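What follows draws every value from the coordinates through simple rules; no lab data is involved. Note that the structure is a prediction, hence the values are computed from the model and not measured. Reconstructed Cβ throughout: ideal geometry from the backbone, glycine too, with neighbour counts over all protein chains shown.
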Amino acid sequence: MLKILPFILIFLLPTGAYGKEKEIEITYFGHSMFLIKSDTVSIVTDPFDPSTGFPAADVSADIVTVSHTHSDHNYVSIVKGNPAVVRDTAEVKGIKFLGIPSYHDNKGGTLRGKNTIIKWSLDGVTFAHLGDFGEDELSEAQYELLKDVDIIFIPAGGFFTIDASKTYSIIRRLKPKMAILMHYRVGDYGLKQLASVEEIKGIIPELEKLPSTVKVSKGSLPENTKIVYMDIHGGR
């Protein structure tokens, strides 16, 4: 009987006793550039060029996603590691990326061209990066494709993209677990035409600040939508 007892105990132990839920690390470099890193893969979004005024990022990745070809979102050469570049629907390193067509402006792309919203899942968490989304509102088809998103990276600085009021409206309808704002001005960093964090707070009163790097997992995400902005990695 004593010989089989250890095997019985294995089945009685709770699942958590074998290891915790997989965590994903998110780091913000400024503008629309993030590093999303799991145990097995690293993804950089919309790498920026020096024109944005943010500190140059020292980063390597397996994959880079690019929403459009403007230099402040398409500076792929700054990312080390010879990454695969995803600009639309693709499957890379076992991750399925969905490219959702959109526009950089509210004039059908006639002012600033096309933009691609990129959606993917990693370790049970579904992400969407809106790039330089500039339409007045998501279409019904876009809402349908994004309805299961857990974490959304969404611009809020206006001028080149949607402003904070339109951002807030989209977040409240989409109801992701977490909305991480991007493409705004903070201190000396960012394009001068963009709204500052202080101005955005006037529109989104529940906006919370997070450090430049955070860890998330499917089970750690809040039940109700949390709207946040992040410190700048390498910033002053």
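Observations, loosely collected:
- Which of 70, 104, 129 has the fewest Cβ neighbours within 10 Å, and the rest in rising order: 70, 104, 129
- Loop-located GluC sites (Glu not before Pro) in region 151-236, at most 15 other Cβ atoms within 10 Å (DSSP): 206, 223
- For region 105-186, GluC sites (Glu not before Pro) are listed when DSSP marks them as loop and at most 15 other Cβ atoms sit within 10 Å of their Cβ; the list is 137.
- For the chain, with +1 on Lys and Arg beta carbons and -1 on Asp and Glu, the positive-most of 127, 205, 182 along the dipole: 127
- The trypsin sites (Lys or Arg not before Pro) found in region 56-93 that occupy coil by DSSP, while having at most 13 further C-beta atoms within 10 Å, are 93.
- Using R0 = 22 Å, the C-beta based FRET efficiency linking residue 221 and residue 172 works out to 0.80.
- Cα convex hull of the chain - mean projected area over all directions, nm²: 15.1
- Assigned charges on the beta-carbon of Lys, Arg, Asp, Glu; region 23-230 dipole about Cα centre (debye): 80
- Sequence-separation-based contact order of the chain, relative, with Cα cut under 8 Å and 6+ spacing, percent: 17
- Charge context of residue 213, other residues only, Cβ under 10 angstrom, K/R +1, D/E -1: 0
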